[in-house]
Structure formats: C-alpha cells, structure tokens
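The values are calculated or read from the model by the stated rules, or taken from the named source; none is laboratory data. Just so it is clear, the model here is predicted, and its values are computed rather than measured. No Cβ is skipped: glycine too gets one built from the backbone with ideal geometry, and neighbour counts run over all protein chains shown. Side chains included, ligands, DNA and RNA excluded: accessible areas come from the protein's heavy atoms. Shrake-Rupley method; radii C 1.70, N 1.55, O 1.52, S 1.80 Å.
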Amino acid sequence: MNDLSKAKKNKVVSHEYLYAEIGCVDLSFRKSGVAKEMTSYCFNEADKLNIPVLAETSDKATLSLWEKLGYEVYAYTEPEGYGFWHLCRTPVT
C-alpha cells in the first residue's frame, strides 16, 4: 500500500498532495534552521494550492522536528521490520 492509499484509508487526504520525498541536513548544520528553510518553498506552494504535504520518517528522533514544521503523524507501519511514521501537513489558509 503506498502513502496515498494509507492517507486515504486514514482519511488524511482524498485529493492532490505534495510528497516530501527526501530531505537531509548534514550533522554540522543541525539546529541551524536549514531544515525549516528547505521546507518553506514547498509549504508556500502547497498553501497556495490548498493541498497537504505528505512525508515519512524512520527516525523517531526527528519526529519533534516534523511536528515543529506542522506535520502530524497519521499512521505507523513496520514493513519488513522497519518502522515508519507517516506524516501529513495540512495547508494553512
């Protein structure tokens, strides 16, 4: 089941969305605001289009960052023994 199917099943999204596929910040730049800057363009576009942004993480330590960016966890899965948190940021209008 892909992210869109999971999101629809959990009634998170039933229409178009943006998907934040990969975002990495070098350890030496963590807590410097780089991640927030990296997401602002995507969020601004999603807000203009009034569509949610979906993402996922396998790193529990990053959940607080995702939440600070406006995401909420809508599902947790463990395919093949690896845990993933599935996240959704609703548009700000």
Point to revise | Count of the range 1-37 residues which are within 14 Å of Tyr71 (Cβ to Cβ), open to solvent by 90 Å² or more (accessible area, probe 1.4 Å) and either modelled with pLDDT of 85 or more or not charged (D, E, K, R) (or both) | key: 0
Exercise for review: Output the number of the condition that Glu37 fails; it satisfies all remaining conditions of (1) of a type outside the set (Ser, Thr, Tyr); (2) more than 11 Å from the chain's Cα centre (by Cα); (3) part of a strand (DSSP E or B).
Suggested key: (3)
Check your understanding: Looking at the range 51-93, which of its residues are open to solvent by less than 40 Å² (accessible area, probe 1.4 Å) and without any contact (Cβ under 8 Å) to a residue 12 or more places away in the chain?
Key -> Thr62
Exercise for review: Looking at (1) free of Cβ contacts under 8 Å to residues at least 24 places away in the same chain; (2) within 19 Å of His15 (Cβ to Cβ); (3) of a type outside the set (Asp, Glu); (4) assigned to a strand (DSSP E or B), find the lone condition where Lys48 falls short.
Suggested key: (4)
Exercise for review: Give me a count of the residues in the range 24-34 that are of a type in the set (Phe, Trp, Tyr) and either within 24 Å of Gly83 (Cα to Cα) or not in a helix (DSSP H, G or I) (or both).
Suggested key: 0
**Study point:** Residues located in the range 52-93, provided they are small (Gly, Ala, Ser) and either under 13 Å from the mean Cα position of the chain (by Cα) or not in a loop (DSSP other than H, G, I, E, B) (or both)
**Key:** Ala55, Ser58, Ala61, Ser64, Gly70, Ala75, Gly81
